[in-house]
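The values are calculated or read from the model by the stated rules, or taken from the named source; none is laboratory data. These numbers were taken from a predicted model, which means no experiment stands behind them. Here the Cβ positions follow ideal geometry from the backbone for every residue, glycine too, while neighbour counts run over all protein chains shown. Remember, those area values only see protein heavy atoms, side chains included, never the ligands or the DNA or RNA. Shrake-Rupley method; radii C 1.70, N 1.55, O 1.52, S 1.80 Å.
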Amino acid sequence: MLLTGIHSSEALALVDGVDATQALAAPGVVGCITAADIPGINTVMKAPLLADGKVEYVGQLIGLIAATSQTAADRAATLVIVKYKQHPSRTPIITIDQAIASDSFYEIDSPLLAAVGVKRQSEHNISQTSWQRVTLPSRADCVSNDSTTAWHHANRPNAEIDDIDKIIAAAPLQIKGATYRLPSQQHMYMETQTAVAEPQEDGCLKVTSATQSLDAVQQAVAAVLRLPFHKITVDHLLAITNPHK
């Protein structure tokens, strides 16, 4: 089976319904998967795997079409009708200024900051935020279920977070009197965003994925499918194409 995504055409809206009737009647189509079909947790890296009830950006994944060929899946995905309703609480936040004015911050109380005792002093205005100086714990002191937190702790055992105002005041060169704005950026992805899933004996699943984080893929797949970790095996594509990797 080959899969193609059904993506949102709205930046911020409520999903009022997904009609896949025409898509399911198309040649080669096997099924349509939405959030309601996920047996486990519909979350990967603290974000919805498939939009459930609302979308927050254009292109957000709403569902998947499964078909016997990629062409059939791609064509059928265009036949899915997604009905939207206006989001009642707010308009899309596009700029940093709008996010600050709306008090909308992503992971301002992140597990990493919480683990090292850094607390945000202001609850409503990021421009007034100050940070307490702390020293990150050593590898031996790290106990966390968050793999990102553990990585930072293990690789930055002596790092410090200091008072930004003090650092600027002590800097030999300071630039003042202007506001500098940088455009949004995205790094060049090395992964090809491709994966193959193969059912195995005893209810196990083998996933071959173009990823740098095999354990993260294993954990995400297990959570979404509600399976124990030992039922999921993840291989890297390079391990197949290049025996020296």
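Placing pseudo-labels 7 Å out from each Cα toward the beta carbon at Lys206 and Leu14 gives an inter-label distance of 4.6 nm. Largest accessible area first, the listed residues Phe105, Phe229 line up as Phe229, Phe105 when surface is computed with a 1.4 Å probe on the assembled protein chains.
What residues have an amide H closer than 5 Å to that of Val234, excluding those fewer than 5 places away on the same chain, when H is modeled at 1.01 Å from N in the peptide plane? HN-HN under 5 Å from Val234: Val207. When Thr233, Thr68, Thr211 are compared by accessible area of protein heavy atoms, the largest-first order is Thr68, Thr233, Thr211, using a 1.4 Å probe.
In terms of its Cα atoms, segment 1-69 spans 33, 24, 17 Å along the principal axes, sorted from long to short.
Just by accessible area at a 1.4 angstrom probe, what is the order of Val18, Val80 from largest to smallest? Can you show the working numbers first?
Numbers: Val18 60, Val80 20 Å².
Ranked from most to least accessible, the order is Val18, Val80.
Charge tally around His7: other residues with Cβ under 13 Å, Lys/Arg +1 each, Asp/Glu -1 each, net -3. At full extension, Thr91 and Arg181 could sit 30.1 nm farther apart than now, given 0.36 nm per residue minus the alpha carbon distance.
Amide H contacts of Thr211: Leu237, each under 5 Å away and 5 or more positions distant or on a separate chain (H built 1.01 Å from N in the peptide plane; Pro and chain starts excluded).
For the pair Ala169 and Thr78 in one chain, pulling the backbone fully straight at 0.36 nm per residue adds 27.1 nm over the alpha carbon distance.
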